[in-house]
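The values are calculated or read from the model by the stated rules, or taken from the named source; none is laboratory data. Since the structure is predicted, the reported quantities are computational estimates derived from the model, not experimental observations. Here Cβ is always computed from backbone atoms with ideal geometry, including for glycine, and neighbour counts include all displayed protein chains.
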Amino acid sequence: MASSNEHRTAIRDLVDNWVVWRDAGDWERFATVWHPEEGWMSATWFQGPATEFIEMSKRGFENGVSILHFLGGHSADILDDRGIAQTKTTISQRAVVDGVEVDVVCTGRFYDFLALHDGQWTIVRRQPIYEKDRLDVVDPTARLALDPALLQRFPVGYRHLGYLQTKTGFTVKTGLPGLHGEAVQRLYDEGAKWLAGSATAGTPS
């Protein structure tokens, strides 16, 4: 039987592998981080089964969509064969907006509902928490005027990311969890219920 430290190490490896394999386009190994039957991914631009997320990520990767991730601090709560992991992350996307190349950097957390499946930790549901973001032009001599009405459509945690993604053709979901508010509190409650044995990993946003 694995020790608590071994489980924690395995979960951290799982979270690290998600980022490295997804950003590198290693789709075969990326598929192994998800629960094979229940895997679900929520993001600004996608909400659905992990299998569909993999296919859409692959399509975007091949078409030059540049979305990268960098991880920081990590914490995991484990109870028997279930876990909740929170990992600080930076989501970085580069694209051309109104003829100007820009970078958007969004800081937040990956909030992961985890389960042991055939002895391996897997992600049942991943819900990012969006805390704050910013937009920078790549060429400091370039000028970009943002549409305030479009910018204000999105919560403060992913306002600029939503703006960029909308401008580049994505449909961006509003009301996703941020640092404060009802949506993130509901997510925490769902996480506690998952550890306590709930039948499902909450209601994905």
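Only one of (1) of a type outside the set (Lys, Arg); (2) over 23 Å from Glu38 (Cα atoms); (3) touching a Leu at 6+ places or on another chain (Cβ under 8 Å) is not met by Thr107, so which one is it?
Failing condition for Thr107: (3).
When region 52-81 is examined, which residues are found to be touching a helix residue (DSSP H, G or I) at 6+ places or on another chain (Cβ under 8 Å) and free of Cβ contacts under 8 Å to residues at least 60 places away in the same chain? Full working, then the answer.
Looking only at region 52-81, we keep the residues that are touching a helix residue (DSSP H, G or I) at 6+ places or on another chain (Cβ under 8 Å), and these are 54, 57-58, 67-71, 74, 76-79.
Passing the criteria: Ile54, Ser57, Lys58, Ile67, Leu68, His69, Phe70, Leu71.
Cβ-Cβ distance below 8 Å, separation of 6 or more or different chains: which pairs start in region 91-109 with a residue that is more than 13 Å from Leu161 (Cα to Cα) and in contact (Cβ under 8 Å) with a residue 24 or more places away in the chain and end on one that is of a type in the set (S, T, N, Q) and outside any strand (DSSP E or B)?
Note: no pairs meet the criteria.
Cβ-Cβ under 7 Å, sequence separation 6+ or interchain: first residue in region 140-167 and farther than 18 Å from Leu179 by Cα, partner part of a helix (DSSP H, G or I) and of a type in the set (S, T, N, Q). Which pairs?
Leu150/Thr166
Residue-wise test of (1) hydroxyl-bearing (Ser, Thr, Tyr); (2) crowded, with 20+ Cβ neighbours inside 10 Å.
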position: Gly157; (1), (2): no, yes
position: Leu161; (1), (2): no, yes
position: Lys167; (1), (2): no, no
position: Phe170; (1), (2): no, no
position: Lys173; (1), (2): no, no
position: Leu176; (1), (2): no, yes
position: Glu182; (1), (2): no, no
position: Tyr188; (1), (2): yes, no
position: Ala192; (1), (2): no, no
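Please verify whether Thr122 is touching a strand residue (DSSP E or B) at 6+ places or on another chain (Cβ under 9 Å) and polar (S, T, N, Q), treating the condition exactly as stated. Full working, then the answer.
Details: touching a strand residue (DSSP E or B) at 6+ places or on another chain (Cβ under 9 Å): yes; polar (S, T, N, Q): yes.
Yes.
Those residues that are more than 20 Å from the chain's Cα centre (by Cα) and in a strand (DSSP E or B), I need them from region 111-139; list them, please.
Leu116, His117, Gln120, Asp136, Val137
Among the strands (runs of 3 or more DSSP E) lying completely within region 24-102, list those that include at least 3 residues that are of a type in the set (Val, Ile, Thr), within 15 Å of Gln127 (Cβ to Cβ) and at pLDDT 95 or above.
Passing ranges, in order: 82-97.
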